1. Could you tell me whether any residue of the range 13-21 is polar (S, T, N, Q), at negative phi, surrounded by 10 or more Cβ atoms within 10 Å (Cβ to Cβ) and under 16 Å from the mean Cα position of the chain (by Cα)?
2. If Gln105 satisfies every condition in (1) exposed (fewer than 10 other Cβ atoms within 10 Å of the Cβ); (2) within 30 Å of Arg22 (Cα to Cα); (3) at pLDDT 95 or above; (4) not aliphatic (A, V, I, L, M) but one, which is the exception?
3. Take the conditions of a type in the set (D, E, K, R), loosely packed, with under 10 Cβ neighbours inside 10 Å and out of contact with any Gly (no Cβ under 7 Å at 6 or more places or on another chain) and apply them to Asp64. Does it pass?
4. May I ask you to say which residue of Arg56, Arg46, Arg40 is modelled with pLDDT under 95, of a type outside the set (S, T, N, Q) and within 22 Å of the chain's Cα centre (by Cα)?
5. Among the helices (runs of 4 or more DSSP H) lying completely within the range 23-140, list those that include at least 3 residues that are in contact with a Leu (Cβ under 8 Å, 6 or more places away or on another chain) and over 30 Å from Met1 (Cα atoms).
6. Name the residue, out of Arg78, Arg50, that is closer than 18 Å to Leu21 by Cα, surrounded by 10 or more Cβ atoms within 10 Å (Cβ to Cβ) and of a type in the set (Lys, Arg).
7. Of all the residues that make up the range 48-74, how many are closer than 30 Å to Thr34 by Cβ and of a type in the set (Gly, Ala, Ser)?
8. Mind listing just one residue for me: the one in the range 108-126 that is exposed (fewer than 11 other Cβ atoms within 10 Å of the Cβ) and of a type outside the set (Asp, Glu) and, of those, nearest to Leu24 (Cα to Cα)?
Amino acid sequence: MSRQNIEELLSQIRAVRMDTLRTLDDTTEAEFSTPTDLKRWDELRRVLLRFGEHMREHSNQLEDSRQKVGSGPTMPQRMLAEAERAWGQLLAATVGLTDDTAQLQPDDGGWSAMQVLEHILNVEQSYLAAAKRARGQADD
């Protein structure tokens, strides 16, 4: 089954969100009252709040719509959806993180943010390879 249109829309949404994050990630609290040209979200603070709320609101709407038309996710799809929620949490943890600060080692000897990300990449690659082998798919 094709997901081409969905993937294209998701790609466009992601690009706009990334641009929004780059635009706003160094916003200070002193800028909260900066006016915007939106009637309903007339201050930068309100735009920042709505940025997350809007996605949550329509994620719920999308899930509801799927259920109403009988195309709700299967158990494996729900498990993958949880993994995507964790991905979102990981992305959120990197907002405002720079390459320089990601290299900093905590005083307690724990992993730097960069080491954590590199570890995640390595393990994700092993999960992909194992899943492909288990399903009889060639490793790319």
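1. Yes - at least one qualifying residue is present in the range 13-21.
2. (1)
3. Considered against the rule, which asks whether it is of a type in the set (D, E, K, R), loosely packed, with under 10 Cβ neighbours inside 10 Å and out of contact with any Gly (no Cβ under 7 Å at 6 or more places or on another chain), Asp64 comes out as no.
4. Exactly one of Arg56, Arg46, Arg40 is modelled with pLDDT under 95, of a type outside the set (S, T, N, Q) and within 22 Å of the chain's Cα centre (by Cα), namely Arg56.
5. 44-68
6. Of Arg78, Arg50, the one residue that is closer than 18 Å to Leu21 by Cα, surrounded by 10 or more Cβ atoms within 10 Å (Cβ to Cβ) and of a type in the set (Lys, Arg) is Arg50.
7. Result for the range 48-74: 2.
8. Checked the range 108-126; the qualifying residue nearest to Leu24 (Cα to Cα) is Leu121.
The values are calculated or read from the model by the stated rules, or taken from the named source; none is laboratory data. Treat the numbers as computed from the prediction; the structure is a model and nothing was measured. Glycine also receives a Cβ, built like all others from the backbone with ideal geometry; neighbour counts cover every protein chain displayed.
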